[in-house]
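Undergrad: Below you'll find the structure I mean.
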Amino acid sequence: MAEGSAVLLVSHGSPEKESNEQVLKLRDRLRAIRRGWRVEAAFLEREHPSFHDVLLDLLAEGISMIAVLPVFLFPGRHTSEDIPAEIADAHRKRPQAKIVLGPPLSEYVDLAEMLAAKIPPGAVATNPPRVILAAAGAVAIENRRTLEELVAKVQRRAGASARYAYLDHGEPLIEEVFREAAIEKPPAVVILPCILFPGMYMRALTAKVATFKAAHGQRLKITLEDPFGLNHRLVLALEKEAAKLLA
């Protein structure tokens, strides 16, 4: 990284402390593997430091090149409107600075590989399991096509049958997909959360999986993986994207 450059991770900001702490851990892990980089993290809502303040503070320090990396899974209002608006405002204050915005995580070429890598290798080597990508929230529903493409990529990489399901509101609901799996009786069911960090969605998913296990766990091997934001590969993907933006 050239002198006078910085990487700025930006997340939504959660009312749950654990989720916000995970963003700061991502920042620290990126700092650890790129010790020569200036890496900061900020939040759009609820939590401090705010994206607005950190962005302006970096410019006030004389940082002339900033790579902004949204820690959002899907595109939405924040990635298409709010973050660009803050960047445009910063540009007006310091026109000579270069601030470049990266894509949401669903557009990273490494994301499908990250998810597929969570599938236990032994399960795929013998008889492919049913893989379920569990998504939640209105933004996930609005990005159905992106989720479908992600499922197709995971399926190709893992060599296993895969589909997506929603925790609420969207179709198909995860309970419906669980019922289908119980009827089909695959050798194993692997649930991959399309959820960045622990929090209310992960707790809801854990409870639904526990109910599924209670009913069918004697006949099916059911595995729930961690949120992919805890995956060490995410840090490497962020590093790669930052290096590209700063090149």
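Undergrad: Could you please state, rounded to a whole Å, how far the C-alpha centre of region 179-221 is from the C-alpha centre of region 66-118?
TA: 31 Å
Undergrad: Which of rounded, prolate, oblate describes region 200-240, given a ≥ b ≥ c as roots of the alpha-carbon gyration tensor eigenvalues and a/c under 1.5 marking rounded, otherwise prolate only if a/b is larger than b/c?
TA: Cα axes put region 200-240 in the oblate bin.
Undergrad: So for region 58-207, Kirkwood radius off the Cα pairs, Stokes-Einstein at 4 °C and 1.567 mPa s: how many µm² s⁻¹?
TA: Estimated diffusion coefficient is 75 µm²/s.
Undergrad: Using a 1.4 angstrom probe on the protein heavy atoms only, could you order L111, L245 from most to least accessible area?
TA: Descending order: L245, L111.
Undergrad: So what are the ³J(HN,Hα) numbers for region 210-227, from phi and the Karplus equation (6.51, -1.76, 1.60; θ = phi - 60°), rounded to whole Hz, Gly and Pro as x?
TA: 4, 5, 4, 5, 4, 7, 10, x, 6, 9, 10, 8, 10, 10, 10, 8, 6, x
Undergrad: Using alpha carbon coordinates only, what is the Rg to Rh ratio of region 175-226, with Rh defined as the Kirkwood radius?
TA: Result: Rg/Rh = 0.97.
Undergrad: Express the carbon and sulfur contribution to the solvent-accessible surface of the chain as a percent, rounded to the nearest whole number, probe 1.4 angstrom.
TA: With neighbouring chains kept in place, the figure for the chain is 52 percent.
Undergrad: Rounded to the nearest 0.05, what FRET efficiency do E184 and A117 give with R0 = 22 Å and r taken as the Cβ-Cβ distance? Could you check?
TA: FRET efficiency, E184 to A117: 0.35.
Undergrad: If you rank L196, L133 by how much accessible surface each has, with a 1.4 Å probe, what is the order from largest down?
TA: Largest accessible area first, the list is L196, L133.
Undergrad: Hey, can you find the accessible area per residue of region 22-146 for me, probe 1.4 Å, expressed in square angstrom?
TA: That works out to 46 Å² for each residue.
Undergrad: Which value at 222 nm does the chain reach when only helices count, each DSSP H run of 4 or more adding -39,500 (n - 2.57), with the total divided by all residues and rounded to the nearest 500 deg cm²/dmol?
TA: -14000 deg cm²/dmol
Undergrad: Still on this structure, please answer the following. Spin-label point model (7 Å from Cα, Cβ direction): what's the S161 to E18 distance in nm?
TA: If labels sit at S161 and E18, their model points lie 3.2 nm apart.
Undergrad: Once you charge only the Cβ atoms, +1 for Lys and Arg and -1 for Asp and Glu, what is the size of the charge dipole of the chain about its Cα centre, to the nearest 20 debye?
TA: Around 820 debye, computed over the chain.
Undergrad: Additional query: Heavy atoms only, 1.4 Å probe, whole protein assembly: order R157, R92 by accessible area, highest first.
TA: Largest accessible area first, the residues go R92, R157.
Undergrad: What's the local net charge at A138, with K and R +1, D and E -1, over the other residues with C-beta under 11 Å away?
TA: In short, -1.
Undergrad: Using the Cα gyration tensor of region 33-82, with a ≥ b ≥ c the square roots of its eigenvalues, what is the shape: rounded (a/c below 1.5), prolate (a/b larger than b/c) or oblate (neither)?
TA: Judged from the Cα gyration tensor, region 33-82 comes out prolate (a/c at least 1.5, a/b above b/c).
Undergrad: Between T223, V151, L44, whose Cα lies farthest towards the positive end of the dipole of the chain when Lys and Arg beta carbons carry +1 and Asp and Glu beta carbons carry -1, centred on the Cα centre?
TA: T223
Undergrad: Give me the accessible area of E176, 1.4 Å probe, in Å² rounded to the nearest 10.
TA: 60 Å²
Undergrad: What are the ³J(HN,Hα) couplings of region 74-89, residue after residue, when phi is run through the Karplus curve with 6.51, -1.76, 1.60 and θ = phi - 60°? Round to Hz, x for glycine and proline.
TA: 10, x, x, 4, 5, 7, 9, 10, 5, 5, x, 5, 5, 5, 4, 5
Undergrad: Figure the gain on full extension for D53 and D226 (residue separation times 0.36 nm, minus the Cα-Cα span) and round it to one decimal in nm.
TA: 59.1 nm
Undergrad: OK, next. When the Cα atoms of region 142-234 are enclosed in a convex hull and the volume is divided per residue, what value in Å³ results?
TA: 109 Å³
Undergrad: Got a sec to turn the phi values of region 39-54 into Karplus ³J(HN,Hα) couplings, 6.51 cos²θ - 1.76 cosθ + 1.60 with θ = phi - 60°, whole Hz, x for Gly and Pro?
TA: Each residue of region 39-54 in turn: 10, 10, 9, 8, 10, 7, 9, 6, 9, 10, x, 7, 4, 4, 5, 5 Hz.
Undergrad: Taking the Cα atoms of region 1-136, report the difference between the largest and smallest coordinate on each principal axis, in whole Å and largest first.
TA: Cα spread of region 1-136 along its principal axes, largest to smallest: 59, 31, 26 Å.
The values are calculated or read from the model by the stated rules, or taken from the named source; none is laboratory data. Note that the structure is a prediction, hence the values are computed from the model and not measured. Cβ atoms come from the backbone with ideal geometry, glycine included; neighbour counts cover every protein chain shown. The protein model used for the area step is the full one, side chains on, heavy atoms only, and it has no ligands, DNA or RNA in it. Shrake-Rupley method; radii C 1.70, N 1.55, O 1.52, S 1.80 Å.
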